[in-house]
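K.L.:
The structure's right below; bear with me while I get my questions together.
Throughout, read-outs are computed from the coordinates displayed, never taken from laboratory work. If you're wondering where the values come from, they're calculated on a predicted model, not measured in any experiment. Every residue, glycine as well, gets a Cβ built from its backbone with ideal geometry; the counts of neighbours run over all protein chains shown.
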Amino acid sequence: MTPEQIKKPENVVAQRPALLNDNTMHYCPGCSHGVVHKLVAEVIEEMGAEHIAIGVAPVGCAVMAYNYIDVDWIEAAHGRAPAVATAVKRLNPSRLVFTYQGDGDLAAIGTAETIHAANRGENIAIIFINNGIYGMTGGQMAPTTLEGMVTATTPYGRRVDLNGHHLNISPLLAQLEGTCYVTRQSVHTAAAVRKAKKAIRQAFENSMKGLGTSVVEIVSTCSSGWKLTPAKANDWMVEHMFEAYPVGDIKNTTTQKS
Amino acid sequence: MEEVRLMKGNEAIAHAAIRYGVDGYFGYPITPQSEILETLEELMPWETTGMVVLQAESEVAAINMVYGGASTGKAVMTSSSSPGVSLKQEGISYIAAGELPALIINCMRGGPGLGTLQPSQADYFQATKGGGHGDYHLIVLAPATVQEMADFVGLGFDLAYKWRNPVLMLADGVVGQMMEKVVLPEQRPRRTEREIAEQCPWAVTGRPEGRGPNVLTTLELDPLKMEQHNLHLQKKYDAISAEEVRYEEIDTEDAEYLVMAFGSVARICQKAVEEAREQGIKVGLLRPITLWPFPAEAVARLSNKVKGILVVELNAGQMIEDVRLNLDTRVPVHHFGRMGGIVMDPDEVLGALKEKFNIQ
Ligand SMILES: Cc1ncc(C[n+]2csc(CCOP(=O)(O)OP(=O)(O)O)c2C)c(N)n1
Ligand code: SF4
């Protein structure tokens, strides 16, 4: 077969979604952000929603998500993405509105905005990257940091007596009447990536159907913050993060099951 | 014929917002301005014009809702009083940086801290000098009457869209709570999505076929580009300063002394000016309507004509700094203020004028 014969649409097994542009990503090798960006772009494309999608980027490593996915974006202040998205969706109900937030953004500085948007049942989708650390500012403790975990601000490991417990926020959000779908996924294997994509698709569809707030937590790696190689970071995540943050649906009140 | 109605300044703001065709209001209760949110909830504009009204979980959330709504080109507003406006400052800085049109109302009360529920003008510095981080300016309007509370909603949005800049209405507990006659503006329809797209080509609306992504961000890591953005903002502020100064002059032609005051205090001073003239003292009043841009030329011009200037404020002396900065001569300038929520009466103003300038 010639290369031309191979390069037929019916032979394509994997390709970059057209919405994911050519800009070089600033993420570290092995970072989960890049994979999740691709999934978001794929889902928007497959839903044919590129003309109605409005993303709200966080302050955190994904602050420049708008550089990579070619839809309209607003870059919110640290933690305020759910408030920003609330107004965007209420004023533009026909649009697909989603936030993309890290654990510091969503579960520390933005806890109030997150809980209240979810409690009001805003018809938005929240993509929540839980890497247990503040990536962007250089690896400080996040609310999600595990007990004993060494970070720049817990150099001897997180201590419960000093720093409190790791915050498991998704089950908390699942308790709110306003959420219709809360799920926890990861992107460390091909199978996990497929499941995560399905979850994002469902979250986006829920918000277009007006079913309430959907939260897709992605348990993620931050190899730089964790000071591990990408492969070791994946192992460490499976070994330690999954115990505190088990993967799977936490709540699904919609008819479709993922 | 125009319909004259009697209402509080805060209520007038709510009515005027609906009639202007505002798309969204986001607020959090705080005295003395809660009637704005209460009146809007009572009028249920979502049933008529389609205006969104939302009680947010905090002033922080409310201002970020304004940031989000304004990013989509919608006419959005929030209101609060001093402690709440302090909380909004990060968001206001973002809105100014993103060059978003929006209206913010501060119905000032006495501070610092939780302070008092009573009126004050102690947020002048915060309003006119920045308040939040970075080099930016808000266009600051100071209403003195219930009529202006209503009119400045429309004026505020017109200026906000003309300049792509947030506008702050710096009111106080007196004009917010006072009942007066007011003529409300005509009901206008809200803009259509198409009109918004034409008026705001930068708006984040969902990327239509044929245009690239619109991105509203205030981040720029390249210092050279960030400096360019700052220079662009400063150029805009210069243009606003040249074009948008508004003030009112009363009895200044033959004045030997000048009283300067803004907002509700200007009305107290107007009464003091009348009393002074009855006693044969020639006093005039200069009332800045825009606090930023400040009526610098009017101050310079009048400073050459008078023997002294008395700046009257409900604070320890804030606007007086701008007055002193803009004098054209070495005329004496004094301050008279009350704090803690106490509002002076005209006799006190006249007494202060006589005392500070040794007028018999
Ligand atoms: C008001 C405010 N406080 C602090 C910061 C500094 N800051 C930037 S990103 C960040 C933490 C980001 O961590 P996370 O949300 O977990 O995202 P990640 O970088 O790990 O993806 C902090 C504290 C800021 N930009 N604004
Ligand atoms: S610091 Fe961590 S979260 Fe940020 S890009 Fe690097 S690996 Fe990803």
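K.L.:
If you build a Gaussian network model of chain B, linking Cα atoms that sit under 10 Å apart, which residue out of B:Ala127, B:Ala203, B:Ala102 swings the most?
P.N.:
B:Ala203
K.L.:
At a Förster distance of 51 Å, what's the computed FRET efficiency of A:Gln15 paired with B:Phe125, Cβ-Cβ distance as r, to 0.05?
P.N.:
Numbers: r = 57 Å, r/R0 = 1.12.
After rounding, the FRET efficiency stands at 0.35.
K.L.:
I would also like to ask the following. Give me, ordered by chain and number, the residues 5 or more places off B:Ser79 or on other chains with an amide H under 5 Å from its own placed amide H.
P.N.:
Those lying under 5 Å, H to H, from B:Ser79 are B:Phe26, B:Tyr28, B:Ile105.
K.L.:
Spelling out what I want: for every residue of segment A:241-246, take phi, set θ = phi - 60°, compute 6.51 cos²θ - 1.76 cosθ + 1.60 (Karplus), and round to whole Hz; glycine and proline get x.
P.N.:
Taking θ as phi minus 60°, the curve returns 5, 5, 5, 7, 10, x Hz for segment A:241-246.
K.L.:
Based only on other Cβ atoms within 10 Å, what is the fewest-to-most ordering of B:Arg194, B:Arg277?
P.N.:
Numbers: B:Arg194 8, B:Arg277 15.
Starting with the residue having the fewest Cβ neighbours, the order is B:Arg194, B:Arg277.
K.L.:
Another question, then. Under 12 Å from a label point 7 Å along Cα→Cβ of B:Arg5: give me every residue in segment B:140-180 with its amide N that close.
P.N.:
B:150
K.L.:
Let me make sure I get this right: for segment B:305-360, a, b and c are the square roots of the gyration tensor eigenvalues over alpha carbons, sorted descending. Under 1.5 in a/c it's rounded, otherwise prolate if a/b > b/c, else oblate. Which is it?
P.N.:
Values: a/c = 3.09, a/b = 1.25, b/c = 2.46.
In terms of gyration-tensor shape, oblate.
K.L.:
Please state, as a whole number in µm²/s, the translational diffusion coefficient that the Stokes-Einstein equation yields for segment A:58-209 at 10 °C and 1.306 mPa s, with Rh defined as the Kirkwood radius across alpha carbon pairs.
P.N.:
Numbers: Rh = 16.2 Å.
This corresponds to a translational diffusion coefficient of 98 µm²/s.
K.L.:
How about segment B:295-360: which GluC sites (Glu not before Pro) there are in a DSSP loop, with at most 14 other Cβ atoms within 10 Å of their Cβ? Numbers along the way, then the final one.
P.N.:
Values: sites: B:Glu297, B:Glu313, B:Glu321, B:Glu348, B:Glu355; in loops: none.
In loop regions of segment B:295-360 (DSSP not H, G, I, E or B), there are no sparsely surrounded GluC sites (Glu not before Pro).
K.L.:
Could you tell me which of A:Ile52, A:Ala112, A:Gln101 has its Cα farthest along the dipole of segment A:27-257 towards the positive end, charges placed at Cβ (Lys, Arg +1; Asp, Glu -1), taken about the Cα centre?
P.N.:
Farthest towards the positive pole: A:Ile52.
K.L.:
Of the residues A:Glu45, A:Glu243, A:Glu205, which exhibits the maximal mean-square fluctuation in a Gaussian network model of chain A defined by a 10 Å Cα contact cut-off?
P.N.:
Result for chain A, Cα springs under 10 Å: A:Glu243 fluctuates most.
K.L.:
Ok, one more. When the Debye formula is applied to the Cα atoms of chain A, each taken as the same point scatterer, what base-10 log of I(q)/I(0) results at q = 0.16 Å⁻¹?
P.N.:
-1.17
K.L.:
At a threshold of 8 angstrom on Cα-Cα distance, excluding pairs fewer than six apart, so keeping six or more, what relative contact order does chain B reach in percent?
P.N.:
Working: 770 pairs, mean separation 64.5, N = 360.
About 18 percent, as a whole number.
K.L.:
If you take each beta carbon of peptide B:196-209 and count the beta carbons of other chains within 10 angstrom, what is the mean?
P.N.:
Numbers: counts 1, 0, 0, 0, 0, 0, 0, 2, 11, 7, 14, 10, 4, 2.
The per-residue average across the peptide is 4.
K.L.:
Still on this structure: Assuming R0 = 35 Å, can you tell me the calculated FRET efficiency for the pair A:Thr111 and B:Glu38, based on Cβ-Cβ distance, to the nearest 0.05?
P.N.:
Details: r = 28 Å, r/R0 = 0.79.
The computed FRET efficiency comes out at 0.80.
K.L.:
Calculate, for B:Asn230 and B:Gln199, the FRET efficiency according to 1/(1 + (r/R0)^6) with r their C-beta to C-beta distance and R0 22 Å; round to the nearest 0.05.
P.N.:
Values: r = 25 Å, r/R0 = 1.16.
For R0 = 22 Å, the calculated efficiency reads 0.30.
K.L.:
With charges set only on the Cβ (+1 for Lys and Arg, -1 for Asp and Glu), what does the dipole of the protein assembly as shown come to about its Cα centre, in debye to the nearest 20? Mind showing how you got there, number by number?
P.N.:
Working: 55 positive and 72 negative charges, 299 e Å.
About 1440 debye.
K.L.:
Let me ask you something else. Taking amide H atoms as placed 1.01 Å from N in the peptide plane, list the residues 5 or more away in sequence, or in a different chain, whose amide H sits under 5 Å from that of B:Glu248.
P.N.:
B:Arg287, B:Ile289
K.L.:
Moving on. Rounded, prolate or oblate for chain B? Axes are the square roots of the Cα gyration tensor eigenvalues, ordered a ≥ b ≥ c, and the cut-off for rounded is a/c under 1.5.
P.N.:
Because a/c hits 1.5 or more and a/b exceeds b/c, chain B counts as prolate.
K.L.:
Counting only other chains, what is the mean number of Cβ atoms within 10 angstrom of the Cβ of each residue in peptide B:72-80?
P.N.:
On the way: counts 10, 2, 5, 1, 2, 0, 0, 0, 0.
For peptide B:72-80, the averaged partner shielding equals 2.
K.L.:
Over the alpha-carbon set of segment B:1-91, divide Rg by the Kirkwood Rh and report the Rg/Rh ratio to two decimals.
P.N.:
On the way: Rg = 13.1 Å, Rh = 13.4 Å.
With Rh from the inverse mean 1/r over Cα pairs, Rg/Rh is 0.98.
K.L.:
Which lysines, if any, have their Cα less than 17 Å from the Cα of B:Lys307, not counting same-chain residues under 8 positions apart?
P.N.:
The qualifying lysines are B:Lys282, B:Lys354, B:Lys356.
K.L.:
Using the Karplus curve 6.51 cos²θ - 1.76 cosθ + 1.60 with θ = phi - 60°, what ³J(HN,Hα) values do you get for each residue of segment A:59-69, in whole Hz, with x for Gly and Pro?
P.N.:
Once rounded to whole Hz, the list reads 9, x, 4, 8, 4, 9, 3, 5, 6, 10, 10.
K.L.:
How big is the dipole moment of segment B:39-179 about its Cα centre under a simple scheme where the beta carbon of each Lys and Arg is +1, that of each Asp and Glu is -1, and everything else is neutral? Debye, nearest 20, please. Before the final figure, lay out each step's value.
P.N.:
Details: 6 positive and 13 negative charges, 58 e Å.
Dipole magnitude for segment B:39-179 comes out near 280 debye.
K.L.:
So what J values fall out for segment B:76-89 if you push phi through Karplus, 6.51 cos²θ - 1.76 cosθ + 1.60 with θ = phi - 60°, rounded to Hz, Gly and Pro as x?
P.N.:
After applying 6.51 cos²θ - 1.76 cosθ + 1.60, I find 10, 8, 9, 9, 6, 10, 2, x, x, 6, 4, 5, 7, 4 Hz.
K.L.:
Follow-up. What are the residues whose amide H is under 5 Å from the amide H of A:Ile54, where those residues sit 5 or more places off or on another chain and H is modelled from the backbone?
P.N.:
Residues meeting the amide H criterion: A:Leu96, A:Val97, A:Phe98.
K.L.:
Further, regarding this structure: Hey, any idea what Rg/Rh is for the protein assembly as shown, computing Rh the Kirkwood way over Cα pairs? Don't skip to the answer; put the middle values down first.
P.N.:
Numbers: Rg = 27.7 Å, Rh = 26.3 Å.
Expressed as Rg/Rh, it is 1.05.
K.L.:
Then there is this: Counting just the Cα atoms, what span does segment B:50-154 cover along each of its three principal axes? Round to the nearest Å and put the largest first.
P.N.:
In descending order, the Cα extents are 36, 33, 26 Å.
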